[in-house]
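Have a look at the structure below, then the notes.
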Amino acid sequence: MSKIDTRKIIRKEFKNLSKAEIIRFGNSFVDEFLFEGNKAVDIPINALRIIFNIVADLRNEQLRPQDKPQQLSLFEDEFETEHNTFASMKIKNSLISPSGSSKQVIQAIEFLTKFKMGWYTSTNSKGKEIKTYGGLITAPTYDERGYTSFLISSYWLKKLIVIPEYNSTLYNLVYNVKNNKHIIFAIWLAKIPYEGTTLKLSTFNEKFGVNYSTAKDFCGKFLKPVRQNLDKFSMISFNYSISGDKIHIKSYATKKISDETITEETQDTILVRQRLRYFKRRHQLTDEEMESLEYHYKSNYNNREWIENAYKIFVSDNRKQGRKSDGYKGQEFLKIFQEYIILVYRKSKTGEILPNSYPRII
């Protein structure tokens, strides 16, 4: 390790972007940085605000390598050819501590500088190992007049930019919700499967760093206030139920965000995104199988209405016949669902005039 040149190479400076409404967290970053094994990290709320702002300012750089292999190659050429390669960033102090507390800003910076500080190794597509040293942020500089500047190593930068799997969240969540555990819970919630998850009370206590003696107490004193916050300020909230010492969590898309800064267009985008996510997860559709359904659902309001009405009838028919709608997966679901869409479409005024212009999802 001593043979590695420890001088820092600064490859790029990322500029502050205009305010984001929705940001994307890569699952790899969430699993490695926000959780340690089964346990959520107790990250202070102001440090979480720094992380949210880093992700927001990197949003135009983020990529899914399966969709953009060329951009991944460009990233590797820029950041994964030499050891100790960094990018520089800066954040307004008021975004870290809205109250204007210098102490809170400094404490948040110190946490992210020291937490997980160490040597990290990543391997580029050519098989070359690149080593960098530091925490999430390195060499911070605090300026009381307005900004905090710092470096991010190529290792953590890749975790934040290259996101083969990710979940979206609202940027303002970290400002509307003051409890750091509620924020971490919301990020964890976005990763659980469609059918939900069931965990023992002891597992939940360990995961979120709490110590409730009964499942009833955990639900009433922890989960209930979390759900109240997420119902108002998150794209996803949840229901819960108790069976002995086990608690079942099942997520759902929220219908209206109680945040005046969220535009109607974004509200609609969120609802569309969550609905498509529901179809994909409930019927186990691949990205390729989702393409046509997603295109028609997003293309215009009439298509969306026909698809939704068709799905209501599909679910109702299955219920009447004692079948589970989510028993239909992949291509089987698309074939059956297509027939329902045709049925609904041809009963519409447009369908009467143009009977074969229905949304084709398969």
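The values are calculated or read from the model by the stated rules, or taken from the named source; none is laboratory data. Computed from a predicted model, the values in this text were never measured in an experiment. Every residue, glycine among them, receives a Cβ derived from its backbone with ideal geometry; neighbour counts consider all protein chains shown. Side chains are part of the model used for accessible areas, which takes the heavy atoms of the whole protein and leaves out ligands, DNA and RNA. Shrake-Rupley method; radii C 1.70, N 1.55, O 1.52, S 1.80 Å.
Can you tell me which of 202, 122, 213, 154 is in contact with a strand residue (DSSP E or B) (Cβ under 7 Å, 6 or more places away or on another chain) and open to solvent by 10 Å² or more (accessible area, probe 1.4 Å)? Walk me through how you get there before you give the answer.
Numbers: 202 fails: in contact with a strand residue (DSSP E or B) (Cβ under 7 Å, 6 or more places away or on another chain); 213 fails: in contact with a strand residue (DSSP E or B) (Cβ under 7 Å, 6 or more places away or on another chain); 154 fails: open to solvent by 10 Å² or more (accessible area, probe 1.4 Å).
Exactly one residue qualifies, and that residue is 122.
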Item to check | Flag if residue 312 is assigned to a helix (DSSP H, G or I), loosely packed, with under 13 Cβ neighbours inside 10 Å and either touching a residue at least 24 places away in the same chain (Cβ under 8 Å) or among the aliphatic types (A, V, I, L, M) (or both) | outcome: no
Item to check | Residues that are touching a residue at least 24 places away in the same chain (Cβ under 8 Å) and out of contact with any Lys or Arg (no Cβ under 6 Å at 6 or more places or on another chain), drawn from the range 256-271 | outcome: 257, 259, 261, 262, 263, 266, 269, 270
Checklist outcome for this item: For residue 223, the lone unmet condition from (1) open to solvent by less than 20 Å² (accessible area, probe 1.4 Å); (2) outside the structural domain of residue 98 (by the TED database); (3) not in a helix (DSSP H, G or I) is (3)
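State yes or no: is residue 227 under 21 Å from the mean Cα position of the chain (by Cα) and charged (D, E, K, R)?
Details: under 21 Å from the mean Cα position of the chain (by Cα): yes; charged (D, E, K, R): yes.
Against the criterion (under 21 Å from the mean Cα position of the chain (by Cα) and charged (D, E, K, R)), residue 227 qualifies.
If a residue has to be closer than 21 Å to residue 147 by Cα, in contact (Cβ under 8 Å) with a residue 60 or more places away in the chain and outside any strand (DSSP E or B) to count, how many in the range 7-37 make the cut?
Selection size over the range 7-37: 4.
For the subset of the range 330-362 comprising residues that are of a type in the set (Val, Ile, Thr) and open to solvent by 90 Å² or more (accessible area, probe 1.4 Å), which member is farthest from the chain's Cα centre (by Cα)? Spell out the reasoning first.
Here is the first cut: in the range 330-362, the ones of a type in the set (Val, Ile, Thr) are 336, 341-342, 344, 350, 353, 361-362.
Still in the list and also open to solvent by 90 Å² or more (accessible area, probe 1.4 Å): 353, 362.
On the way: 353: 43, 362: 28 Å.
Across the range 330-362, the extreme among qualifying residues is 353.
Just give me the residues in the range 92-111 being open to solvent by less than 40 Å² (accessible area, probe 1.4 Å) and out of contact with any Phe, Trp or Tyr (no Cβ under 8 Å at 6 or more places or on another chain), in sequence order.
Within the range 92-111, the first condition is being open to solvent by less than 40 Å² (accessible area, probe 1.4 Å), and the residues that meet it are 93, 96-97, 101, 105, 108-109.
Within the range 92-111, 96, 97, 101, 108 qualify.
How many of the residues making up the range 249-262 are of a type outside the set (Asp, Glu) and open to solvent by 60 Å² or more (accessible area, probe 1.4 Å)?
Narrowing the range 249-262 to residues of a type outside the set (Asp, Glu): 249-258, 261-262.
Within this subset, residues satisfying the condition of being open to solvent by 60 Å² or more (accessible area, probe 1.4 Å) are 250, 252, 255-256, 258, 261.
Residues flagged as of a type outside the set (Asp, Glu) and open to solvent by 60 Å² or more (accessible area, probe 1.4 Å) within the range 249-262 amount to 6.
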Checklist entry - Would you pick out the residues in the range 283-309 that are open to solvent by 40 Å² or more (accessible area, probe 1.4 Å) and under 23 Å from the mean Cα position of the chain (by Cα)? => result 284, 286, 287, 288, 291, 294, 295, 298
Item to check | Candidate set: the range 166-189, residues that are surrounded by fewer than 18 Cβ atoms within 10 Å (Cβ to Cβ) and assigned to a loop (DSSP other than H, G, I, E, B); chosen: the one modelled with the highest pLDDT | outcome: 179
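Please report, ordered by residue number, the strands (runs of 3 or more DSSP E) entirely within the range 118-164 with at least 1 residues that are without any contact (Cβ under 8 Å) to a residue 40 or more places away in the chain.
Numbers: elements: 118-123, 129-134, 138-142, 147-153.
Counting at least 1 such residues, we get 118-123, 129-134, 138-142.
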Next on the checklist: Anything in the range 116-160 that is in contact with a helix residue (DSSP H, G or I) (Cβ under 8 Å, 6 or more places away or on another chain) and hydrophobic (A, V, I, L, M, F, W, C)? List them, or say none.
Outcome noted: 130, 136, 137, 150, 152, 156, 157, 160
Checklist outcome for this item: Restricting the range 15-56 to residues that are among the aromatic types (Phe, Trp, Tyr) and crowded, with 17+ Cβ neighbours inside 10 Å, the one nearest to residue 90 (Cα to Cα) turns out to be 52
Next on the checklist: Scan the range 105-117 and tell me whether some residue there is closer than 23 Å to residue 61 by Cα and assigned to a strand (DSSP E or B).
Outcome noted: no
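Conditions tested, residue by residue: (1) more than 22 Å from residue 41 (Cβ to Cβ); (2) buried (at least 19 other Cβ atoms within 10 Å of the Cβ).
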residue: 58; (1), (2): no, yes
residue: 64; (1), (2): yes, no
residue: 79; (1), (2): yes, yes
residue: 128; (1), (2): yes, no
residue: 133; (1), (2): no, no
residue: 138; (1), (2): no, yes
residue: 144; (1), (2): yes, no
residue: 149; (1), (2): yes, no
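Could you check how many residues of the range 191-207 are out of contact with any Asp or Glu (no Cβ under 6 Å at 6 or more places or on another chain), of a type outside the set (Ser, Thr, Tyr) and part of a helix (DSSP H, G or I)? Full working, then the answer.
Restricting attention to the range 191-207, the residues satisfying the condition of being out of contact with any Asp or Glu (no Cβ under 6 Å at 6 or more places or on another chain) are 191-199, 202-207.
Filter once more, so that each one left must be of a type outside the set (Ser, Thr, Tyr): 191-193, 195-196, 199, 204-207.
Now drop any that are not part of a helix (DSSP H, G or I), which leaves 204-207.
So the answer is 4.
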